[in-house]
Amino acid sequence: MAQEKIAISIGGSILVPDNEDTSYIKQLASALLDMLPSYKFLVVCGGGKIARYYITIGRALGADESSLDELGIEVTRLNARLLITALGEKAYYKPAESIDEARLASNNYPIVVMGGTHPGQTTDAVAALAAEKIKAARIINATSVDGVYTDDPRTNPAAKRIDRMTFKELMDKVVYAKMEAGSSFIFDPLGAKLISRSRIPTAVVFGRDIQQLVNAVRGQPFVGTMISSPPPAPASDAKESR
Ligand code: UTP
């Protein structure tokens with residue numbers, strides 16, 4: 001059976017949390033390596049608090065927004081190098097710097113890791129573009145919350161997790177998000193637009209829960225949010241509407 005290609009967008013705060021955590025990166029690497037016979041991976045790493053640190057200082061020093069984005073991109077590539085280190089020889093030996101480089105490298109390596117590519121976007125958009133290019137079966141967005149919520153769960157305790165949503169519902173949710181260097185969205189609006197236009201099923205999971213990440217990769221039930229096309233109308237409805 002052909003290997004399924006999976007794109008994973010992994011938040012920088014998941015990969016490099018507040019306290020140094022070698023064991024998480026080791027566990028993530030070993031979970032990916034264990035799934036290799038059945039899957040090929042393209043993993044896009046975020047910048048997290050280290051990117052935010054550089055962006056904050058750069059902004060205070062008077063840098064323009066695209067230069068701040070370039071600082072962020074450098075940090076995402078640094079995080080990608082950490083994961084490559086943990087993955088060893090199954091991974092392309094350096095962070096791919098463009099979608100085309102990632103596509104070419106994925107012909108020869110079962111795992112390709114990268115960070116950002118161009119100013120003005122985030123690594124969610126890179127993951128969506130890469131997923132389009134390699135024809136990924138799905139995207140796993142491994143982030144700091146266990147799914148998309150009706151409101152920000154950190155500030156609103158009444159917020160509820162949405163287990164399933166359509167691409168249109170995702171677009172409606174991100175449309176007002178503000179786009180500036182270092183800001184944080186549930187999903188970058190550009191990434192949301194890209195997955196919606198190509199209808200790439202996308203799972204949002206809490207990235208530190210490796211079991212949920214593995215379940216989502218395997219297409220099994222997971223705790224989080226599944227973003228996909230609406231299910232087709234039941235056969236009985238179809239008959240009635242004829
Ligand atoms: P992230 O993808 O980590 O952005 O890239 P984020 O969503 O702000 O971070 P998390 O999810 O909270 O960890 C970090 C920064 O790098 C720049 C942007 O400034 C982004 O905010 N970046 C990243 C780009 O300009 N282009 C890219 O392709 C990727």
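The values are calculated or read from the model by the stated rules, or taken from the named source; none is laboratory data. Remember, predicted model here, so these are calculated numbers, not experimental data. No Cβ is skipped: glycine too gets one built from the backbone with ideal geometry, and neighbour counts run over all protein chains shown.
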Checklist outcome for this item: When region 1-17 is checked residue by residue, the ones that are farther than 15 Å from Q27 by Cα, more than 11 Å from the chain's Cα centre (by Cα) and either modelled with pLDDT of 95 or more or not hydroxyl-bearing (S, T, Y) (or both) are M1, A2, Q3, E4, K5
Checklist entry - With respect to D100, is the statement that it is charged (D, E, K, R) and crowded, with 21+ Cβ neighbours inside 10 Å true? => result no
Next on the checklist: Filter region 53-74 down to the residues that are in contact (Cβ under 8 Å) with a residue 60 or more places away in the chain and either more than 15 Å from the ligand (Cβ to nearest atom) or of a type in the set (D, E, K, R) (or both) and list them by number.
Outcome noted: R59, E65, D69
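Does E70 qualify as being farther than 21 Å from A29 by Cβ, of a type in the set (D, E, K, R), modelled with pLDDT of 95 or more and part of a helix (DSSP H, G or I)?
So E70 fits the description; yes.
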Item to check | Members of region 201-231 found to be within 18 Å of L33 (Cβ to Cβ) and in a loop (DSSP other than H, G, I, E, B), listed by number | outcome: G207, R218
Checklist outcome for this item: Residue count, region 29-52, condition surrounded by fewer than 24 Cβ atoms within 10 Å (Cβ to Cβ), among the aliphatic types (A, V, I, L, M), assigned to a helix (DSSP H, G or I) and touching a residue at least 40 places away in the same chain (Cβ under 8 Å), comes to 4
Next on the checklist: Tell me the residue from S30, S9 that is within 16 Å of the ligand (Cβ to nearest atom), of a type in the set (S, T, Y) and on the phi < 0 side of the Ramachandran plot, please.
Outcome noted: S9
Next on the checklist: Residues that are modelled with pLDDT of 95 or more and more than 26 Å from E74 (Cα to Cα): does region 229-240 have at least one?
Outcome noted: no
Next on the checklist: Looking at region 75-84 only, could you name the residues that are in contact (Cβ under 8 Å) with a residue 40 or more places away in the chain and either surrounded by fewer than 17 Cβ atoms within 10 Å (Cβ to Cβ) or away from the ligand (no atom under 11 Å from the Cβ) (or both)?
Outcome noted: L82, L83
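Per-residue answers, yes or no, for (1) in a loop (DSSP other than H, G, I, E, B); (2) crowded, with 21+ Cβ neighbours inside 10 Å; (3) within 16 Å of the ligand (Cβ to nearest atom); (4) charged (D, E, K, R):
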site	(1), (2), (3), (4)
K94	yes, no, no, yes
A105	no, no, no, no
H118	yes, no, yes, no
D124	no, yes, yes, yes
E132	no, no, yes, yes
A142	no, yes, yes, no
V145	yes, no, yes, no
D152	yes, no, yes, yes
P157	yes, no, no, no
